[in-house]
Amino acid sequence: MASFSSSSSSSFSLSTLSPYYHLIFTGLAFLVSAFIFFISSRSKSKRLNLPPGPPGWPVVGNLFQVALSGKPFFQYIRDLRPKYGPIFTLKMGTRTMIIVSSAELIHEALIEKGQVFANRPRENPTRTVFSCDKFTVNSALYGPVWRSLRRNMVQGMLSSTRLKEFRDVRSLAMDRLIDRLRAEAKSNDGLVWVLKNARFAVFCILVSMCFGVEMDDKDIERIDDMMKTVLITLDPRLDDFLPILSPFFSKQRKRVMEVRQEQIQTVLPFIEKRRSILKNPGSDMTAAPFAYLDTLFDLEVEGRKSSPNDAELVTLCSELLNGGTDTTATALEWGIARLIENPDIQSKLYAEIKSTVGDRKVDEKDIENMVYLNAVVKELLRRHPPTYLSLTHAVTQPATLGGYDVPTDANVEIFLPPISEDPNLWSEPEKFNPDRFASGKEEADITGLKGLKMVPFGVGRRICPGLGMATLHVNLMLARMVQEFEWSAHPSQRKIDFSEKLEFTVVMKNTLRAVIRPRT
Ligand code: HEM
(Lines give C-alpha, C1' and ligand atoms only; values in the text may rest on other atoms or scores of the structure.)
Protein backbone atom coordinates (compact mmCIF):
# COMPACT_ATOMS: atom_id res chain seq x y z
CA MET A 1 0.00 0.00 0.00
CA ALA A 2 0.40 2.93 -0.18
CA SER A 3 2.98 4.70 1.95
CA PHE A 4 1.17 5.97 4.97
CA SER A 5 2.46 7.30 8.19
CA SER A 6 0.22 4.87 9.91
CA SER A 7 0.02 1.88 7.67
CA SER A 8 1.61 -1.28 8.81
CA SER A 9 2.99 -3.12 5.84
CA SER A 10 3.41 -1.09 2.70
CA SER A 11 6.80 0.29 3.69
CA PHE A 12 7.73 -2.95 5.35
CA SER A 13 11.41 -3.53 4.74
CA LEU A 14 13.15 -5.92 6.98
CA SER A 15 16.27 -5.53 4.91
CA THR A 16 16.72 -2.35 6.90
CA LEU A 17 17.26 -4.33 10.08
CA SER A 18 20.96 -4.42 10.64
CA PRO A 19 22.69 -7.81 10.98
CA TYR A 20 24.65 -6.18 13.80
CA TYR A 21 21.50 -5.95 15.87
CA HIS A 22 20.85 -9.53 15.08
CA LEU A 23 24.09 -10.78 16.58
CA ILE A 24 23.65 -8.88 19.79
CA PHE A 25 20.01 -9.39 20.32
CA THR A 26 19.39 -12.93 19.20
CA GLY A 27 21.39 -14.17 22.14
CA LEU A 28 19.71 -11.77 24.48
CA ALA A 29 16.31 -12.68 23.23
CA PHE A 30 16.98 -16.34 23.81
CA LEU A 31 18.27 -15.86 27.31
CA VAL A 32 15.79 -13.38 28.66
CA SER A 33 12.54 -14.36 27.09
CA ALA A 34 12.79 -17.97 26.00
CA PHE A 35 11.13 -19.58 28.95
CA ILE A 36 7.97 -17.54 29.42
CA PHE A 37 7.40 -16.67 25.81
CA PHE A 38 8.23 -20.03 24.28
CA ILE A 39 6.00 -22.00 26.60
CA SER A 40 3.04 -19.63 26.26
CA SER A 41 3.22 -19.13 22.50
CA ARG A 42 3.63 -22.85 21.79
CA SER A 43 0.68 -23.89 23.83
CA LYS A 44 -1.42 -21.17 22.18
CA SER A 45 -0.50 -21.88 18.55
CA LYS A 46 -0.74 -25.64 19.05
CA ARG A 47 -4.48 -25.35 19.29
CA LEU A 48 -4.70 -23.39 16.05
CA ASN A 49 -4.60 -24.78 12.55
CA LEU A 50 -2.45 -22.01 11.08
CA PRO A 51 -1.40 -22.10 7.40
CA PRO A 52 1.92 -23.90 6.87
CA GLY A 53 5.17 -21.98 6.70
CA PRO A 54 8.93 -22.27 6.93
CA PRO A 55 10.12 -23.66 10.28
CA GLY A 56 11.42 -20.88 12.50
CA TRP A 57 13.77 -20.60 15.44
CA PRO A 58 12.54 -20.62 19.02
CA VAL A 59 11.27 -17.25 20.23
CA VAL A 60 12.23 -15.20 17.17
CA GLY A 61 10.44 -17.44 14.65
CA ASN A 62 11.35 -16.51 11.07
CA LEU A 63 12.35 -12.95 11.95
CA PHE A 64 16.09 -13.30 11.38
CA GLN A 65 15.73 -15.63 8.43
CA VAL A 66 13.88 -12.79 6.73
CA ALA A 67 16.21 -10.07 8.01
CA LEU A 68 19.38 -11.90 7.04
CA SER A 69 18.16 -13.13 3.67
CA GLY A 70 19.45 -9.95 2.05
CA LYS A 71 16.25 -9.81 0.02
CA PRO A 72 13.49 -7.23 0.10
CA PHE A 73 10.50 -8.64 1.98
CA PHE A 74 8.38 -8.92 -1.19
CA GLN A 75 11.12 -11.03 -2.82
CA TYR A 76 11.39 -13.24 0.25
CA ILE A 77 7.71 -14.09 0.17
CA ARG A 78 7.69 -14.43 -3.62
CA ASP A 79 10.40 -17.10 -3.24
CA LEU A 80 8.43 -18.97 -0.54
CA ARG A 81 5.23 -19.11 -2.60
CA PRO A 82 6.14 -22.04 -4.90
CA LYS A 83 6.91 -24.17 -1.83
CA TYR A 84 4.10 -23.16 0.55
CA GLY A 85 1.36 -22.08 -1.87
CA PRO A 86 -0.97 -19.07 -1.84
CA ILE A 87 -1.42 -18.96 1.95
CA PHE A 88 1.40 -19.39 4.43
CA THR A 89 2.53 -18.24 7.85
CA LEU A 90 5.65 -16.38 8.95
CA LYS A 91 6.34 -16.02 12.65
CA MET A 92 8.02 -12.68 13.14
CA GLY A 93 8.94 -12.56 16.80
CA THR A 94 5.70 -11.99 18.67
CA ARG A 95 3.78 -11.33 15.45
CA THR A 96 2.11 -13.95 13.32
CA MET A 97 1.91 -12.99 9.66
CA ILE A 98 -0.41 -14.78 7.30
CA ILE A 99 0.52 -14.11 3.68
CA VAL A 100 -2.32 -14.47 1.18
CA SER A 101 -1.71 -14.34 -2.58
CA SER A 102 -4.37 -15.87 -4.80
CA ALA A 103 -7.50 -14.37 -6.34
CA GLU A 104 -9.72 -17.04 -4.71
CA LEU A 105 -8.37 -16.49 -1.21
CA ILE A 106 -8.43 -12.71 -1.51
CA HIS A 107 -12.02 -12.97 -2.68
CA GLU A 108 -12.86 -15.19 0.28
CA ALA A 109 -11.22 -12.83 2.76
CA LEU A 110 -12.04 -9.36 1.47
CA ILE A 111 -15.35 -9.94 -0.33
CA GLU A 112 -17.12 -13.04 1.06
CA LYS A 113 -15.91 -12.44 4.63
CA GLY A 114 -15.29 -8.74 3.99
CA GLN A 115 -16.68 -7.44 7.25
CA VAL A 116 -14.58 -9.80 9.37
CA PHE A 117 -11.33 -9.15 7.45
CA ALA A 118 -11.78 -5.35 7.33
CA ASN A 119 -9.89 -4.67 10.53
CA ARG A 120 -6.33 -3.37 11.00
CA PRO A 121 -3.81 -4.93 13.38
CA ARG A 122 -2.50 -3.35 16.54
CA GLU A 123 0.16 -0.73 15.81
CA ASN A 124 3.75 -0.69 16.94
CA PRO A 125 4.64 2.21 19.28
CA THR A 126 6.15 4.38 16.52
CA ARG A 127 3.08 4.09 14.35
CA THR A 128 0.87 4.81 17.33
CA VAL A 129 2.64 8.16 17.72
CA PHE A 130 2.33 9.16 14.06
CA SER A 131 -1.25 7.93 13.63
CA CYS A 132 -2.42 9.64 16.86
CA ASP A 133 -3.41 6.23 18.14
CA LYS A 134 -5.11 5.01 14.96
CA PHE A 135 -6.89 8.23 14.13
CA THR A 136 -6.54 7.96 10.34
CA VAL A 137 -8.60 6.32 7.62
CA ASN A 138 -5.95 3.75 6.84
CA SER A 139 -5.04 2.72 10.39
CA ALA A 140 -8.39 2.98 12.20
CA LEU A 141 -9.99 -0.18 13.49
CA TYR A 142 -13.05 -1.26 11.54
CA GLY A 143 -15.73 0.66 13.41
CA PRO A 144 -17.26 4.09 13.97
CA VAL A 145 -14.05 6.16 13.87
CA TRP A 146 -13.01 4.57 10.58
CA ARG A 147 -16.50 5.08 9.13
CA SER A 148 -16.55 8.77 10.05
CA LEU A 149 -13.05 9.49 8.76
CA ARG A 150 -13.46 7.51 5.55
CA ARG A 151 -16.89 8.97 4.76
CA ASN A 152 -15.49 12.44 5.27
CA MET A 153 -12.47 11.81 3.04
CA VAL A 154 -14.55 10.29 0.26
CA GLN A 155 -17.51 12.67 0.29
CA GLY A 156 -15.52 15.75 1.23
CA MET A 157 -12.58 15.23 -1.05
CA LEU A 158 -12.42 12.25 -3.36
CA SER A 159 -15.90 11.98 -4.85
CA SER A 160 -16.08 12.69 -8.58
CA THR A 161 -17.97 15.95 -7.96
CA ARG A 162 -15.35 17.20 -5.51
CA LEU A 163 -12.53 16.09 -7.77
CA LYS A 164 -13.86 18.25 -10.60
CA GLU A 165 -13.53 21.33 -8.41
CA PHE A 166 -9.75 20.87 -8.38
CA ARG A 167 -9.38 20.85 -12.15
CA ASP A 168 -7.43 24.14 -12.23
CA VAL A 169 -5.05 22.93 -9.53
CA ARG A 170 -4.19 19.90 -11.67
CA SER A 171 -3.86 21.95 -14.81
CA LEU A 172 -1.40 24.33 -13.09
CA ALA A 173 0.58 21.42 -11.66
CA MET A 174 0.85 19.88 -15.13
CA ASP A 175 2.23 23.13 -16.59
CA ARG A 176 4.67 23.32 -13.70
CA LEU A 177 5.77 19.73 -14.37
CA ILE A 178 6.36 20.35 -18.07
CA ASP A 179 8.34 23.56 -17.30
CA ARG A 180 10.49 21.72 -14.75
CA LEU A 181 11.21 18.88 -17.18
CA ARG A 182 12.07 21.33 -19.95
CA ALA A 183 14.43 23.30 -17.69
CA GLU A 184 16.11 20.16 -16.32
CA ALA A 185 16.62 18.76 -19.81
CA LYS A 186 18.07 22.05 -21.00
CA SER A 187 20.81 22.05 -18.41
CA ASN A 188 21.52 18.28 -18.62
CA ASP A 189 21.83 17.45 -22.32
CA GLY A 190 18.20 16.38 -22.54
CA LEU A 191 18.29 14.13 -19.46
CA VAL A 192 15.62 14.17 -16.76
CA TRP A 193 14.80 12.18 -13.62
CA VAL A 194 11.31 10.74 -13.97
CA LEU A 195 10.32 9.69 -10.43
CA LYS A 196 11.50 12.88 -8.74
CA ASN A 197 9.62 15.16 -11.14
CA ALA A 198 6.45 13.08 -11.15
CA ARG A 199 6.55 12.99 -7.37
CA PHE A 200 6.85 16.76 -7.14
CA ALA A 201 3.92 17.31 -9.50
CA VAL A 202 1.58 15.00 -7.55
CA PHE A 203 2.72 16.49 -4.27
CA CYS A 204 1.90 20.01 -5.54
CA ILE A 205 -1.65 18.90 -6.37
CA LEU A 206 -2.19 17.18 -3.03
CA VAL A 207 -0.73 20.04 -0.99
CA SER A 208 -3.09 22.47 -2.73
CA MET A 209 -6.07 20.19 -2.18
CA CYS A 210 -5.15 19.66 1.42
CA PHE A 211 -4.31 23.16 2.66
CA GLY A 212 -5.84 25.48 0.04
CA VAL A 213 -3.17 28.10 0.69
CA GLU A 214 -0.57 29.36 -1.73
CA MET A 215 2.90 27.88 -1.34
CA ASP A 216 6.12 28.41 -3.24
CA ASP A 217 8.44 25.59 -4.35
CA LYS A 218 10.51 25.97 -1.16
CA ASP A 219 7.50 25.46 1.15
CA ILE A 220 6.40 22.44 -0.83
CA GLU A 221 9.87 20.90 -0.80
CA ARG A 222 10.12 21.48 2.96
CA ILE A 223 6.88 19.62 3.63
CA ASP A 224 7.88 16.89 1.20
CA ASP A 225 11.27 16.41 2.92
CA MET A 226 9.50 16.22 6.25
CA MET A 227 7.12 13.54 4.99
CA LYS A 228 10.07 11.50 3.72
CA THR A 229 11.77 11.76 7.12
CA VAL A 230 8.58 10.50 8.75
CA LEU A 231 8.42 7.51 6.40
CA ILE A 232 12.02 6.60 7.19
CA THR A 233 11.30 6.88 10.92
CA LEU A 234 8.41 4.46 10.43
CA ASP A 235 10.65 1.71 9.05
CA PRO A 236 10.16 -1.36 11.24
CA ARG A 237 12.64 -1.98 14.05
CA LEU A 238 13.63 -5.18 15.78
CA ASP A 239 11.75 -4.24 18.96
CA ASP A 240 8.51 -3.94 16.97
CA PHE A 241 8.68 -7.73 16.66
CA LEU A 242 10.42 -8.47 19.95
CA PRO A 243 9.10 -5.84 22.40
CA ILE A 244 11.26 -7.33 25.14
CA LEU A 245 14.21 -5.64 23.42
CA SER A 246 12.68 -2.18 23.60
CA PRO A 247 14.98 -0.98 26.46
CA PHE A 248 17.81 -1.16 23.91
CA PHE A 249 16.07 1.23 21.56
CA SER A 250 15.58 4.27 23.77
CA LYS A 251 17.66 6.46 21.44
CA GLN A 252 15.46 5.53 18.49
CA ARG A 253 12.34 6.16 20.52
CA LYS A 254 13.61 9.62 21.42
CA ARG A 255 14.25 10.29 17.74
CA VAL A 256 10.66 9.25 16.95
CA MET A 257 9.34 11.91 19.33
CA GLU A 258 11.69 14.53 17.85
CA VAL A 259 10.56 13.75 14.30
CA ARG A 260 6.93 13.91 15.37
CA GLN A 261 7.54 17.36 16.87
CA GLU A 262 9.29 18.49 13.69
CA GLN A 263 6.37 17.20 11.65
CA ILE A 264 3.89 19.16 13.76
CA GLN A 265 6.03 22.30 13.60
CA THR A 266 6.33 22.04 9.81
CA VAL A 267 2.68 21.40 9.03
CA LEU A 268 0.85 23.35 11.72
CA PRO A 269 1.59 26.87 10.37
CA PHE A 270 -0.26 25.99 7.15
CA ILE A 271 -3.20 24.68 9.16
CA GLU A 272 -3.27 27.88 11.15
CA LYS A 273 -3.08 29.95 7.98
CA ARG A 274 -6.12 28.15 6.58
CA ARG A 275 -7.99 28.53 9.85
CA SER A 276 -7.40 32.27 9.78
CA ILE A 277 -8.52 32.50 6.13
CA LEU A 278 -11.78 30.76 6.99
CA LYS A 279 -12.33 33.10 9.93
CA ASN A 280 -11.62 36.17 7.78
CA PRO A 281 -13.10 35.48 4.35
CA GLY A 282 -11.53 37.61 1.64
CA SER A 283 -8.37 38.25 3.68
CA ASP A 284 -6.20 36.23 1.27
CA MET A 285 -7.10 36.48 -2.40
CA THR A 286 -4.75 33.61 -3.31
CA ALA A 287 -6.58 31.12 -1.07
CA ALA A 288 -8.51 28.28 -2.71
CA PRO A 289 -12.31 28.28 -2.24
CA PHE A 290 -12.18 24.80 -0.71
CA ALA A 291 -9.65 22.47 0.93
CA TYR A 292 -9.58 19.08 2.70
CA LEU A 293 -8.77 20.90 5.92
CA ASP A 294 -12.13 22.70 5.79
CA THR A 295 -13.85 19.33 6.23
CA LEU A 296 -11.67 18.45 9.22
CA PHE A 297 -11.81 21.52 11.47
CA ASP A 298 -15.30 20.79 12.78
CA LEU A 299 -15.50 17.13 11.89
CA GLU A 300 -17.90 15.13 14.02
CA VAL A 301 -16.52 11.68 14.64
CA GLU A 302 -18.89 8.97 15.85
CA GLY A 303 -18.21 8.13 19.47
CA ARG A 304 -16.10 11.23 20.16
CA LYS A 305 -17.16 14.45 21.81
CA SER A 306 -14.65 16.83 20.24
CA SER A 307 -13.46 17.61 16.73
CA PRO A 308 -9.83 16.79 15.80
CA ASN A 309 -7.13 18.65 17.74
CA ASP A 310 -4.06 20.21 16.09
CA ALA A 311 -1.90 17.10 16.31
CA GLU A 312 -4.71 15.03 14.80
CA LEU A 313 -5.15 17.55 12.01
CA VAL A 314 -1.45 17.22 11.19
CA THR A 315 -1.84 13.45 11.07
CA LEU A 316 -4.95 13.52 8.85
CA CYS A 317 -3.34 15.96 6.41
CA SER A 318 -0.19 13.85 6.29
CA GLU A 319 -2.29 10.81 5.45
CA LEU A 320 -3.76 12.50 2.38
CA LEU A 321 -0.32 13.68 1.22
CA ASN A 322 1.45 10.37 1.82
CA GLY A 323 -1.31 8.14 0.47
CA GLY A 324 -1.30 9.62 -2.98
CA THR A 325 2.24 10.78 -3.67
CA ASP A 326 4.70 7.89 -3.91
CA THR A 327 2.10 5.48 -5.25
CA THR A 328 1.15 7.72 -8.18
CA ALA A 329 4.72 8.81 -8.97
CA THR A 330 5.87 5.18 -8.93
CA ALA A 331 3.25 4.29 -11.55
CA LEU A 332 4.57 7.11 -13.74
CA GLU A 333 8.17 5.92 -13.51
CA TRP A 334 7.26 2.37 -14.61
CA GLY A 335 4.95 3.82 -17.27
CA ILE A 336 7.64 5.95 -18.91
CA ALA A 337 10.09 3.02 -18.72
CA ARG A 338 7.59 0.81 -20.57
CA LEU A 339 7.02 3.48 -23.24
CA ILE A 340 10.76 3.79 -23.79
CA GLU A 341 11.09 0.03 -24.04
CA ASN A 342 8.23 -0.08 -26.55
CA PRO A 343 8.54 2.87 -28.97
CA ASP A 344 5.61 1.52 -31.01
CA ILE A 345 3.33 1.83 -27.95
CA GLN A 346 4.62 5.37 -27.36
CA SER A 347 3.93 6.32 -31.00
CA LYS A 348 0.44 4.85 -30.87
CA LEU A 349 -0.29 6.78 -27.70
CA TYR A 350 1.03 10.02 -29.19
CA ALA A 351 -1.07 9.46 -32.32
CA GLU A 352 -4.18 9.06 -30.17
CA ILE A 353 -3.39 12.24 -28.25
CA LYS A 354 -2.86 14.16 -31.51
CA SER A 355 -6.07 12.91 -33.07
CA THR A 356 -8.10 13.61 -29.92
CA VAL A 357 -6.86 17.09 -28.97
CA GLY A 358 -5.09 18.42 -32.06
CA ASP A 359 -2.70 21.24 -31.15
CA ARG A 360 -4.14 22.27 -27.81
CA LYS A 361 -3.01 20.93 -24.45
CA VAL A 362 -4.54 17.69 -23.19
CA ASP A 363 -7.32 18.52 -20.77
CA GLU A 364 -8.60 16.03 -18.24
CA LYS A 365 -11.97 15.99 -20.01
CA ASP A 366 -10.22 14.40 -23.00
CA ILE A 367 -9.17 11.37 -21.01
CA GLU A 368 -12.45 9.51 -21.23
CA ASN A 369 -12.21 9.73 -25.03
CA MET A 370 -8.76 8.15 -25.18
CA VAL A 371 -9.23 4.41 -25.25
CA TYR A 372 -5.59 3.59 -25.80
CA LEU A 373 -4.36 5.88 -23.01
CA ASN A 374 -6.74 4.18 -20.59
CA ALA A 375 -5.51 0.80 -21.79
CA VAL A 376 -1.87 1.80 -21.24
CA VAL A 377 -2.61 2.95 -17.69
CA LYS A 378 -4.58 -0.17 -16.85
CA GLU A 379 -1.83 -2.40 -18.22
CA LEU A 380 0.64 -0.38 -16.18
CA LEU A 381 -1.28 -0.96 -12.95
CA ARG A 382 -1.63 -4.64 -13.81
CA ARG A 383 2.03 -5.20 -14.65
CA HIS A 384 3.47 -2.85 -12.00
CA PRO A 385 1.15 -2.42 -9.02
CA PRO A 386 2.89 0.42 -7.11
CA THR A 387 2.60 -1.45 -3.81
CA TYR A 388 3.09 -5.20 -3.74
CA LEU A 389 1.50 -5.64 -0.32
CA SER A 390 -1.81 -4.03 0.44
CA LEU A 391 -2.12 -2.40 3.86
CA THR A 392 -2.14 -5.02 6.59
CA HIS A 393 -5.54 -6.46 7.43
CA ALA A 394 -6.70 -8.20 10.61
CA VAL A 395 -9.87 -10.02 11.60
CA THR A 396 -12.49 -8.59 13.95
CA GLN A 397 -13.10 -12.08 15.41
CA PRO A 398 -11.42 -15.49 15.05
CA ALA A 399 -11.98 -16.62 11.45
CA THR A 400 -10.93 -19.15 8.85
CA LEU A 401 -9.40 -18.65 5.42
CA GLY A 402 -8.81 -21.43 2.92
CA GLY A 403 -9.71 -23.83 5.75
CA TYR A 404 -6.98 -22.49 8.09
CA ASP A 405 -7.44 -20.56 11.30
CA VAL A 406 -6.86 -16.81 11.38
CA PRO A 407 -6.58 -15.51 14.96
CA THR A 408 -7.41 -11.91 15.83
CA ASP A 409 -3.80 -11.02 16.64
CA ALA A 410 -2.49 -12.13 13.21
CA ASN A 411 -1.36 -9.68 10.54
CA VAL A 412 -3.05 -10.65 7.29
CA GLU A 413 -0.80 -9.54 4.43
CA ILE A 414 -2.28 -9.47 0.93
CA PHE A 415 0.48 -10.01 -1.65
CA LEU A 416 -0.81 -8.53 -4.91
CA PRO A 417 1.49 -9.36 -7.88
CA PRO A 418 0.72 -13.10 -8.24
CA ILE A 419 -2.86 -12.25 -9.25
CA SER A 420 -1.89 -10.13 -12.25
CA GLU A 421 0.86 -12.61 -13.12
CA ASP A 422 -1.45 -15.64 -13.11
CA PRO A 423 -1.37 -17.44 -16.51
CA ASN A 424 -4.81 -18.88 -15.76
CA LEU A 425 -6.22 -15.35 -15.68
CA TRP A 426 -4.11 -13.61 -18.34
CA SER A 427 -2.60 -14.46 -21.70
CA GLU A 428 1.18 -13.86 -21.67
CA PRO A 429 0.93 -12.13 -18.28
CA GLU A 430 4.62 -11.11 -18.24
CA LYS A 431 4.22 -9.09 -21.46
CA PHE A 432 3.45 -5.37 -21.30
CA ASN A 433 0.64 -5.23 -23.79
CA PRO A 434 -2.01 -2.45 -23.59
CA ASP A 435 -3.71 -3.98 -26.64
CA ARG A 436 -5.08 -6.74 -24.43
CA PHE A 437 -7.43 -4.08 -23.06
CA ALA A 438 -7.67 -1.74 -26.07
CA SER A 439 -8.78 -4.59 -28.34
CA GLY A 440 -11.37 -5.71 -25.80
CA LYS A 441 -9.92 -9.24 -25.83
CA GLU A 442 -9.21 -9.15 -22.10
CA GLU A 443 -10.94 -7.18 -19.40
CA ALA A 444 -10.61 -6.63 -15.68
CA ASP A 445 -12.67 -4.65 -13.24
CA ILE A 446 -10.14 -2.76 -11.15
CA THR A 447 -12.60 -2.39 -8.26
CA GLY A 448 -12.94 -6.18 -7.98
CA LEU A 449 -16.73 -5.98 -8.02
CA LYS A 450 -17.02 -8.15 -11.13
CA GLY A 451 -14.34 -10.67 -10.20
CA LEU A 452 -10.70 -10.47 -9.20
CA LYS A 453 -8.02 -10.32 -11.88
CA MET A 454 -5.90 -7.38 -10.74
CA VAL A 455 -6.05 -5.56 -7.42
CA PRO A 456 -3.60 -2.64 -7.39
CA PHE A 457 -5.94 -0.70 -5.07
CA GLY A 458 -7.05 -3.63 -2.90
CA VAL A 459 -10.71 -4.67 -2.81
CA GLY A 460 -13.66 -4.72 -0.44
CA ARG A 461 -14.46 -2.34 2.38
CA ARG A 462 -10.90 -1.04 2.69
CA ILE A 463 -10.35 -0.53 -1.04
CA CYS A 464 -8.26 2.54 -1.75
CA PRO A 465 -10.60 5.55 -1.62
CA GLY A 466 -8.13 7.46 -3.82
CA LEU A 467 -8.62 5.08 -6.76
CA GLY A 468 -10.48 7.60 -8.92
CA MET A 469 -8.11 10.46 -8.20
CA ALA A 470 -5.03 8.29 -8.66
CA THR A 471 -6.07 6.95 -12.07
CA LEU A 472 -6.97 10.49 -13.15
CA HIS A 473 -3.52 11.73 -12.10
CA VAL A 474 -1.66 8.90 -13.84
CA ASN A 475 -3.68 9.29 -17.06
CA LEU A 476 -3.29 13.06 -17.12
CA MET A 477 0.42 13.12 -16.36
CA LEU A 478 1.26 10.40 -18.83
CA ALA A 479 -0.77 12.10 -21.55
CA ARG A 480 0.86 15.51 -20.97
CA MET A 481 4.36 14.05 -20.72
CA VAL A 482 3.97 12.16 -24.01
CA GLN A 483 2.24 15.06 -25.73
CA GLU A 484 5.10 17.43 -24.94
CA PHE A 485 8.11 15.13 -25.28
CA GLU A 486 9.40 12.09 -27.07
CA TRP A 487 10.95 9.79 -24.45
CA SER A 488 14.01 7.62 -25.01
CA ALA A 489 16.68 5.83 -23.00
CA HIS A 490 19.86 7.28 -21.57
CA PRO A 491 22.55 6.79 -24.27
CA SER A 492 24.58 4.54 -21.98
CA GLN A 493 21.62 2.18 -21.48
CA ARG A 494 21.21 -0.41 -24.20
CA LYS A 495 18.29 -1.98 -22.42
CA ILE A 496 16.02 -0.72 -19.64
CA ASP A 497 16.63 -2.58 -16.40
CA PHE A 498 13.27 -3.56 -14.92
CA SER A 499 14.65 -4.76 -11.56
CA GLU A 500 12.69 -3.57 -8.54
CA LYS A 501 13.48 -2.25 -5.10
CA LEU A 502 11.37 -1.39 -2.10
CA GLU A 503 11.35 2.28 -1.20
CA PHE A 504 7.97 2.88 0.46
CA THR A 505 6.53 1.66 -2.87
CA VAL A 506 8.19 -0.75 -5.33
CA VAL A 507 10.23 1.49 -7.60
CA MET A 508 12.83 0.84 -10.29
CA LYS A 509 16.08 -0.40 -8.79
CA ASN A 510 18.02 1.90 -11.10
CA THR A 511 16.05 5.11 -10.86
CA LEU A 512 14.97 6.01 -14.37
CA ARG A 513 16.80 8.86 -16.06
CA ALA A 514 15.47 9.42 -19.55
CA VAL A 515 16.19 11.64 -22.53
CA ILE A 516 13.38 13.93 -23.65
CA ARG A 517 13.00 15.71 -26.96
CA PRO A 518 10.30 18.37 -27.34
CA ARG A 519 7.77 17.25 -29.97
CA THR A 520 7.49 20.62 -31.71
C1 HEM B 1 -1.69 4.67 -7.94
C2 HEM B 1 -1.98 5.17 -6.75
C3 HEM B 1 -2.47 4.38 -5.56
C4 HEM B 1 -2.39 3.05 -5.29
C5 HEM B 1 -1.76 1.96 -6.16
C6 HEM B 1 -3.01 2.82 -4.00
C7 HEM B 1 -3.13 1.58 -3.39
C8 HEM B 1 -3.76 1.36 -2.19
C9 HEM B 1 -3.88 0.06 -1.56
C10 HEM B 1 -3.36 -1.25 -2.12
C11 HEM B 1 -4.54 0.25 -0.39
C12 HEM B 1 -4.85 -0.81 0.66
C13 HEM B 1 -6.21 -1.40 0.51
C14 HEM B 1 -6.46 -2.42 1.60
O15 HEM B 1 -6.20 -2.16 2.76
O16 HEM B 1 -6.91 -3.53 1.26
C17 HEM B 1 -4.84 1.66 -0.27
C18 HEM B 1 -5.51 2.23 0.80
C19 HEM B 1 -5.71 3.57 0.93
N20 HEM B 1 -5.38 4.56 0.02
FE21 HEM B 1 -4.50 4.29 -1.78
N22 HEM B 1 -3.45 4.01 -3.52
C23 HEM B 1 -3.16 5.00 -4.43
C24 HEM B 1 -3.47 6.34 -4.34
C25 HEM B 1 -4.13 6.92 -3.30
C26 HEM B 1 -4.53 8.30 -3.23
C27 HEM B 1 -4.34 9.32 -4.36
C28 HEM B 1 -5.10 8.49 -2.00
C29 HEM B 1 -5.70 9.74 -1.40
C30 HEM B 1 -5.29 10.89 -1.59
C31 HEM B 1 -5.08 7.23 -1.31
C32 HEM B 1 -5.58 7.02 -0.04
C33 HEM B 1 -5.73 5.78 0.54
C34 HEM B 1 -6.31 5.56 1.87
C35 HEM B 1 -6.83 6.64 2.81
C36 HEM B 1 -6.31 4.18 2.10
C37 HEM B 1 -6.82 3.45 3.34
C38 HEM B 1 -8.24 2.99 3.13
C39 HEM B 1 -8.84 2.34 4.37
O40 HEM B 1 -8.11 1.79 5.19
O41 HEM B 1 -10.07 2.39 4.49
N42 HEM B 1 -4.48 6.30 -2.12
N43 HEM B 1 -4.35 2.32 -1.39
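The values are calculated or read from the model by the stated rules, or taken from the named source; none is laboratory data. On a predicted model such as this, the values are computed, not experimentally measured, just so you know. Note: ideal-geometry Cβ built from the backbone for every residue, glycine included; neighbour counts use all protein chains shown. With ligands, DNA and RNA removed, areas are computed over all heavy atoms of the protein, side chains included. Shrake-Rupley method; radii C 1.70, N 1.55, O 1.52, S 1.80 Å.
Rounded to whole numbers, the Karplus 3J(HN,Hα) couplings from phi for region 150-160 are 5, 4, 5, 5, 6, 6, x, 9, 9, 5, 5 Hz, using 6.51 cos²θ - 1.76 cosθ + 1.60 with θ = phi - 60°, and x at Gly and Pro.
From the Cα gyration tensor of region 118-241, with a ≥ b ≥ c the square roots of its eigenvalues, which class applies: rounded if a/c is under 1.5, or else prolate if a/b is larger than b/c, or else oblate? Don't skip to the answer; put the middle values down first.
Values: a/c = 2.85, a/b = 1.48, b/c = 1.93.
Since a/c reaches 1.5 but b/c is at least a/b, the shape of region 118-241 is classed as oblate.
Across the accessible surface of region 285-427, with the other protein chains kept in place and a 1.4 Å probe, carbon and sulfur atoms take up 49 percent. Roughly how many nanometres apart are two label points built 7 Å out from the Cα toward the Cβ at Q75 and S347? Result for the modelled spin labels: 3.6 nm. Ligands, DNA and RNA are left out, and with a 1.4 angstrom probe the accessible area of region 106-176 is 42 Å² per residue. If the label point is 7 Å along Cα→Cβ of R167, which residues in region 350-372 have backbone nitrogen under 12 Å from it? Under cut-off, by backbone N: 363-367.
Sites listed here are chymotrypsin sites (Phe, Trp or Tyr not before Pro) in region 415-502 whose DSSP assignment is loop and whose Cβ has at most 15 other Cβ atoms within 10 Å: F498. Within the chain, what is the longest stretch that has no GluC sites (Glu not before Pro) placed in a DSSP loop and near at most 11 other beta-carbon atoms within 10 Å? Maximal segment without exposed cleavage sites: 1-299. In order along region 302-313, the Karplus-derived 3J(HN,Hα) couplings, from 6.51 cos²θ - 1.76 cosθ + 1.60 at θ = phi - 60°, round to 3, x, 10, 8, 10, 7, x, 7, 4, 5, 5, 5 Hz, and Gly and Pro are given as x. Taking amide H as placed 1.01 Å from N in the peptide plane, the amide H of L512 sits under 5 Å from that of V194, L195, each at least 5 places away or on another chain. When you filter the trypsin sites (Lys or Arg not before Pro) in region 44-145 for DSSP loop state and at most 11 other Cβ atoms inside 10 Å of their Cβ, you are left with R47. Evaluating 6.51 cos²θ - 1.76 cosθ + 1.60 at θ = phi - 60° for every residue in region 66-78, the Karplus couplings come out as 5, 5, 8, 5, x, 10, x, 4, 5, 6, 4, 6, 4 Hz, glycine and proline recorded as x.
Here are some pairs, K91/K378; K218/K279; K273/K361; K71/K348; which of them have Cα atoms lying more than 29 Å apart in this structure? Can you show the working numbers first?
Working: K91/K378 35 Å; K218/K279 26 Å; K273/K361 34 Å; K71/K348 38 Å.
K91/K378; K273/K361; K71/K348, as the Cα separations exceed 29 Å there.
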